[in-house]
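Every number here is computed from the coordinates shown, using simple stated rules; none is lab data. These figures come from a predicted structure and were not determined experimentally. Methodologically, a virtual Cβ is constructed for each residue, glycine included, from the backbone with ideal geometry; neighbour enumeration extends over all protein chains shown.
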Amino acid sequence: MSRTIDIIGLDPSLSNFGSVTARLDIDTLEILVEAMTVVTTEAEKDKAKRKVVRKNSEDLDRAATLHDGVTELVKGRVIAFVEVPVGSQSARAMVSYGVSLGVLAAVRARLPMIQVTPTEVKLAGCGIKTATKEEMIEAMVDKYPNAPWPMQVVKGVRKPIASKCEHIADALAAIEAGIKTDEFRGMINMFRAIPKAA
């Protein structure tokens with residue numbers, strides 16, 4: 001009888017925070033995908049409303065939306081695998097970076113976190129350091145064809161919805177990258193040491 005633990009993979013950003021909840025077989029390390037979610041926030045596009053609401057207040061609301069959504073997703077999970085973002089090139093990108101780190105800090109307060117880099121995610125996902133979003137989506141959909149990918153029909157053909165799937169693909173690849181780390185190997189040995197139920 002296989003033994004599994006409940007895990008989550010996360011790909012953080014201010015606008016689209018991707019997540020994959022799954023079970024991980026602790027003996028074979030097979031990833032059994034359960035759900036794929038993107039917690040989405042948008043900046044106010046209505047100029048009249050933007051004049052009334054300060055930008056920092058809007059950012060705070062968006063951060064709270066992400067915090068609440070991701071906190072709900074990690075409930076019952078044992079380990080989080082996370083692509084931790086790196087620095088940014090603009091002030092607005094820095095806001096996304098800061099909010100992402102804040103939400104990840106809240107996750108880390110609830111459960112152990114295996115951190116991986118964007119390069120590790122790309123290598124785990126499709127074996128290319130400089131993989132494009134499209135290459136990542138294609139590779140991960142091929143690896144997990146039975147997962148509940150958000151799809152759309154275009155000219156009679158089912159295709160992944162790129163705007164959602166790019167974040168989900170990275171979250172799933174973060175799990176793949178994370179299970180290869182030394183940190184996780186030490187952790188999984190503890191789970192394997194627990195006697196199997198009769």
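Quick look at the values:
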| read-out | value |
| --- | --- |
| Rounded if a/c under 1.5, otherwise prolate or oblate - the range 83-198, Cα gyration tensor axes | oblate |
| Gain upon complete extension [residue 130, residue 78; 0.36 nm per residue less C-alpha separation] | 15.6 nm |
| Long-range amide H partners of residue 4 with built H, under 5 Å | 26 |
| Number of Lys pairs (Cα under 19 Å; 8 or more positions apart or on different chains) in the range 4-193 | 14 |
| Within the chain, longest stretch clear of exposed GluC sites (Glu not before Pro) (DSSP loop, no more than 16 other Cβ within 10 Å) | 45-198 |
| Sorted largest first, extent of the chain alpha carbons per principal axis (Å) | 64, 45, 30 |
| Linear extension gain, residue 43 paired with residue 92, 0.36 nm per residue minus alpha-carbon span | 16.5 nm |
| Euclidean distance of C-alpha centroids, the range 154-198 and the range 107-122, integer Å | 11 |
| Built amide H within the under 5 Å cut-off of residue 84, gap 5+ | 116 |
| Ranked list, fewest to most other Cβ atoms within 10 Å of each Cβ, for 194, 31, 168 | 194, 31, 168 |
| Ranked 88, 2, criterion: other C-beta atoms within 10 Å, fewest first | 2, 88 |
| Relative exposure of 67, 167, judged by other C-beta atoms within 10 Å (fewest first) | 67, 167 |
| Mean Cα-pair separation over length for the chain, i.e. relative contact order, pairs under 8 Å, 6 or more apart, % | 26 |
| Calculated FRET efficiency for the pair residue 60/residue 142, C-beta based, R₀ 45 Å, to 0.05 | 0.70 |
| Extreme residue, positive dipole direction of the chain, given options 81, 29, 187 (C-beta unit charges) | 81 |
| Within the chain: Cβ-based charge dipole about Cα centre, in debye rounded to nearest 20 (Lys, Arg +1; Asp, Glu -1) | 460 |
